[in-house]
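Each remark here refers to the structure printed beneath this line.
The values are calculated or read from the model by the stated rules, or taken from the named source; none is laboratory data. Here the structure is a predicted model, which means the values were calculated and not measured. Neighbour counts run over all protein chains shown; Cβ positions are idealised from the backbone, glycine included. The accessibility values were calculated without ligands, DNA or RNA, using every heavy atom of the protein model including side chains. Shrake-Rupley method; radii C 1.70, N 1.55, O 1.52, S 1.80 Å.
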Amino acid sequence: MAKSEYYYGVHSVESLLELEPERVLTLFTLKGRDDQRLQRILQLAEPFGISVQKASRDSLEKLAGQPFHQGVVAAVRPNPVLNEKDLDQLLESTDSPLLLALDHITDPHNLGACIRTAAAMGVEAVIVPRDRSATLTPTARKVAAGGAEKVKFIQVTNLARTLGHIKEHYHVRVVGTMLDEKALPIHKFDFTGTPVCVVMGAEDTGLRPITQSQCDQTVFIPMSGNLQSLNVSVATGMALYEACRQRQAS
């Protein structure tokens, strides 16, 4: 039997109970806590006969691996890891999806924030390389605040090769966010009409050259202030908002 995963934080656990309650094995809640937010979680768990155990703050911290568990931790049956085949199935069954690819984003907080924004902006899947990239750790799930249960998280062996594959076989337009001589202001790129994959690079190195080579177009976020750089999760939010704005308007 696969080892249990641990979800923590009110939003993360609540979203899991709403969407995939069959995966929850046990709920651990902080002794003495009995507020409205916890009662909502217990109400969601009750119809499924999920075991609820009271635990000390230290015990919850050990389960979560973090002190910021908000008084609730869930032991969860892990989902299978999604890969290239799952991405193919998604593209075959979805009309004009919006995708997000993250090129070697290694901070789980940034990954979680990107996933949270992706869920809010209607992204179908977040694609990351299997190696040298953050994964869906409990921390990433908590920061995603339920978004990890709403967006497919797909790990691929070679990101550049995957981008080339979805371009060739599914006519996905790949849009890289970086400032080069060919880059357009992001609002001048047409995100409508066809499947689009927005690619974000790491804050320190940006998009790798091999990833850049698969981009049909590069775009940048115009800024008028003195600071000309953004946290990757903030930049992701701005890029996805523009894509979502255009696609909804059309």
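Tabulated results
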read-out	value
Within the range 202-242, considering residues that are among the β-branched types (Val, Ile, Thr) and farther than 25 Å from residue 120 by Cβ, the one surrounded by the most Cβ atoms within 10 Å (Cβ to Cβ)	210
Those residues of the range 18-58 which are touching a residue at least 24 places away in the same chain (Cβ under 8 Å), open to solvent by 100 Å² or more (accessible area, probe 1.4 Å) and assigned to a loop (DSSP other than H, G, I, E, B), in sequence order	31
Flag if residue 219 is touching a Leu at 6+ places or on another chain (Cβ under 8 Å) and within 18 Å of residue 128 (Cβ to Cβ)	no
Within the range 70-107, considering residues that are open to solvent by 40 Å² or more (accessible area, probe 1.4 Å) and under 18 Å from residue 149 (Cβ atoms), the one modelled with the lowest pLDDT	79
The one condition in (1) outside the structural domain of residue 36 (by the TED database); (2) not in a strand (DSSP E or B) that residue 68 fails to fulfil	(1)
Where residue 61 falls short, out of the listed (1) in contact (Cβ under 8 Å) with a residue 12 or more places away in the chain; (2) part of a helix (DSSP H, G or I); (3) charged (D, E, K, R)	(1)
Every residue from the range 109-134 that is in a loop (DSSP other than H, G, I, E, B) and open to solvent by 30 Å² or more (accessible area, probe 1.4 Å)	121, 122, 124, 130, 131, 132
Residues of the range 126-151 that turn out to be at pLDDT 95 or above and closer than 23 Å to residue 13 by Cβ, as a count	1
Strands (runs of 3 or more DSSP E) completely within the range 135-250 that count 2 or more residues being closer than 27 Å to residue 19 by Cβ	152-156, 196-201
Residues that are out of contact with any helix residue (DSSP H, G or I) (no Cβ under 9 Å at 6 or more places or on another chain) and part of a helix (DSSP H, G or I), drawn from the range 71-93	85, 86, 89, 90, 93
Condition broken by residue 67, with the remaining ones in (1) free of Cβ contacts under 8 Å to residues at least 24 places away in the same chain; (2) touching an Asp or Glu at 6+ places or on another chain (Cβ under 7 Å); (3) surrounded by 15 or more Cβ atoms within 10 Å (Cβ to Cβ) satisfied	(3)
Filter result (at pLDDT below 90 and not polar (S, T, N, Q)) within the range 1-17	1, 2, 3, 5, 6, 7, 8, 9, 10, 11, 16
